[in-house]
Amino acid sequence: MPETLSLFDIAGRMAHHAGTRQSIVARNVANADTPGYTAMTMPRFSEIYGEGGAPLRQTRPEHLSAADAQSARAQPAVAEASPNGNSVSVEQQMLQAIDASREHGRALAIYRHGLTVMRSALGRS
C-alpha cells in the first residue's frame with residue numbers, strides 16, 4: 001500500500017513539473033519579440049526525478065545516481081540570438097510545449113491507473 005501512495009505523489013509531482021515547464025514555454029513565446037530576452041528552459045521530469053524526493057535506485061554501479069541528475073530550476077536555453085539579442089526560437093518552444101503536454105498526460109495516466117488498481121483491490125469497479 002505505501003508503494004501505491006508514493007505513486008500518487010510521484011504522479012502529482014510530475015504533473016506539477018509539466019505545468020511549470022508549460023508556463024516557462026508560455027513566457028518564452030510571449031517574449032519572442034522582446035529585444036534582449038533570453039529564453040529559459042527546464043529539464044524533463046525524468047532527468048531530475050529523485051532530487052528532493054525518493055532517491056534513485058542503482059542496481060548497477062554504472063547507473064546514474066541522484067547526484068548526477070540535473071537541477072530542476074529553469075536555466076537559460078542554448079540558442080543562437082537574433083540581431084536584437086532575443087534567443088527565443090518559436091519552433092523549439094512549440095516542441096517543448098508538446099513535450100510538456102505529453103509529460104502531463106503521462107502523469108494523469110499514471111494517476112488514473114493507480115486509482116484503478118486501488119478500486120480493484122477494494123473490490124469496487
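Which whole-Hz ³J(HN,Hα) couplings does the range 38-49 yield from phi under the Karplus relation 6.51 cos²θ - 1.76 cosθ + 1.60, θ = phi - 60°, glycine and proline marked x?
9, 5, 10, 9, 9, x, 5, 4, 5, 7, 10, 4
Starting from the 7 Å offset along Cα-to-Cβ, what nm value, one decimal, do you get for the label separation of SER82 and LEU108?
Going from the SER82 label point to the LEU108 one covers 3.2 nm.
What order do you get for ARG21, ARG13, ARG27 when you list them from fewest to most C-beta neighbours inside 10 Å? Intermediate results must be reported in sequence, preceding the final value.
Details: ARG21 23, ARG13 18, ARG27 15.
Listing ARG21, ARG13, ARG27 from fewest to most nearby Cβ atoms yields ARG27, ARG13, ARG21.
Amide H of MET40: which non-local residues (sequence gap of 5 or more, or other chain) have their own amide H closer than 5 Å, using H built in the peptide plane?
It is ALA77, by chain and number.
Compute the length gained on full extension between ALA32 and LEU5: take 0.36 nm times their separation in residues and subtract their Cα-Cα distance, giving the result in nm to one decimal.
Values: separation 27, 0.36 × 27 = 9.72 nm, distance 4.10 nm.
Gain on extension, ALA32 to LEU5, equals 5.6 nm.
Since every read-out is calculated from the coordinates, none of them should be taken as a lab result. Owing to the predicted nature of the structure, the values given are computational and were not obtained by experimental measurement. Neighbour counts run over all protein chains shown; Cβ positions are idealised from the backbone, glycine included.
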